[in-house]
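To keep things clear, I will list the structure first and then write my remarks on it.
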Amino acid sequence: MTRIVILTGAGISAESGLRTFRAADGLWEDHRIEDVATPEGYDRNPGLVLQFYNERRAAAAAAEPNAAHKALARLATDRRHQVTLVTQNVDDLHERAGAPEVIHMHGSLFGALCARCRHRWPAPMVMRTTDLCPDCGHATCRPDIVWFGEMPHHMERIEAALRRADLFVSIGTSGNVYPAAGFVADARHAGIETLELNLEPSVGSRFFDRAVHGPATRIVPEWVATIFP
Ligand code: APR
């Protein structure tokens, strides 16, 4: 039984047509993080924030899982391996590709959260500032996304999986944002083999034992094929 922890980022969904963050045409080129991805930005202008995520939710719903998502789903459902699939992404393409369990450390576009009472419920496709929390009744509805300055979800579970893994694989992430960017150092410290699959070297490339660079829809299925002899 091989225990594999896989971390994915926006790059795995790029070939499904979803924008990444830090490419030349990235989301952070035409939106300021402080305006649309912080609690302070939401307090200042909730309409702008809800619109930003309404557009991303519509794009995610219209997108299809690609060969990389499907290859990881095949690996995650194979009983000969224990795969912990962690994603920074807030789309649902891993689930729609058939991955049995996905740890969304930055939340999900398809979840809603009350900024006042922290109640959670499935997000409507379009969230409006006039929406009322189903629990406390206040107009404080936000997407259940982890914003800058907020704690990512499921960290204890991720760190426990990293400690007992045989292999850590990072796919489609630039390695710019912690704590995910620190997983490779944690894995190396624990003596775990590390592999980077990305379009180009990430910020943390030098920490990986091995790296394969190219489009995810080619290099991820090729890597998975080496696992299934
Ligand atoms: N195949 C493989 N990798 C790709 C592809 C592709 N087709 N296209 C882009 N990439 C790579 C880029 O080279 C880059 O290294 O995906 C990475 C995307 O990096 P970012 O845009 O920084 O996205 P990500 O690393 O997921 O960002 C992490 O930052 O803004 C926050 O919360 C947000 O979860 C996000 C976090």
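Please list log₁₀ I(q)/I(0) at q = 0.07, 0.14, 0.17 Å⁻¹ for the chain, using the Debye equation with identical point scatterers on the alpha-carbon positions.
Taken in order of the listed q values, log10 I(q)/I(0) reads -0.22, -0.88, -1.24.
At most 16 other Cβ atoms within 10 Å and a DSSP loop assignment: could you name the trypsin sites (Lys or Arg not before Pro) in region 118-181 that fit?
Working: sites: Arg118, Arg120, Arg128, Arg157, Arg163, Arg164; in loops: Arg118, Arg128, Arg164.
Filter output for region 118-181: Arg118, Arg128, Arg164.
From the phi angles alone, apply the Karplus equation (6.51, -1.76, 1.60; θ = phi - 60°) to region 26-35 and give each ³J(HN,Hα) in whole Hz, x where the residue is Gly or Pro.
Residue by residue, region 26-35 yields x, 4, 7, 7, 10, 9, 7, 3, 5, 8 Hz.
If neighbour count is taken as other Cβ atoms inside 10 Å, put Arg22, Arg79 in order from fewest to most. Walk me through the intermediate numbers first.
On the way: Arg22 14, Arg79 6.
In order of increasing Cβ crowding within 10 Å: Arg79, Arg22.
Using 0.36 nm per residue, how much length does the chain from Ile33 to Ala185 gain when fully extended, once their Cα-Cα distance is taken away? Please report the intermediate quantities before stating the final value.
Numbers: separation 152, 0.36 × 152 = 54.72 nm, distance 2.61 nm.
Taking Ile33 through Ala185 to full extension adds about 52.1 nm, to one decimal.
Scan around Ala123 for amide H atoms under 5 Å from its own, H built in the peptide plane at 1.01 Å from N, and keep only partners 5 or more places away or cross-chain.
Gly111, Ala112
Sort Leu72, Leu162 so that the residue with the fewest other Cβ atoms within 10 Å of its own Cβ comes first and the one with the most comes last.
Leu162, Leu72
Every cysteine in the chain with no other Cys Cβ under 4.7 Å from its Cβ, please list them in numeric order.
Cys141
Only helices at least 20 Å long along their own axis, judged from Cα atoms, and with Kyte-Doolittle mean hydropathy of -0.5 or greater: name those in the chain from DSSP H. Spell out each step's value before the answer.
Numbers: long enough: 46-62 (24 Å, 0.05).
The qualifying helices are 46-62.
Every read-out reported here was derived from the displayed coordinates using simple, explicitly stated rules and does not represent laboratory data. Only a predicted model underlies this, so the values are computations on that prediction, with no experimental measurement involved. So basically every Cβ, Gly included, is an ideal-geometry build from the backbone, and we count neighbours across all protein chains shown.
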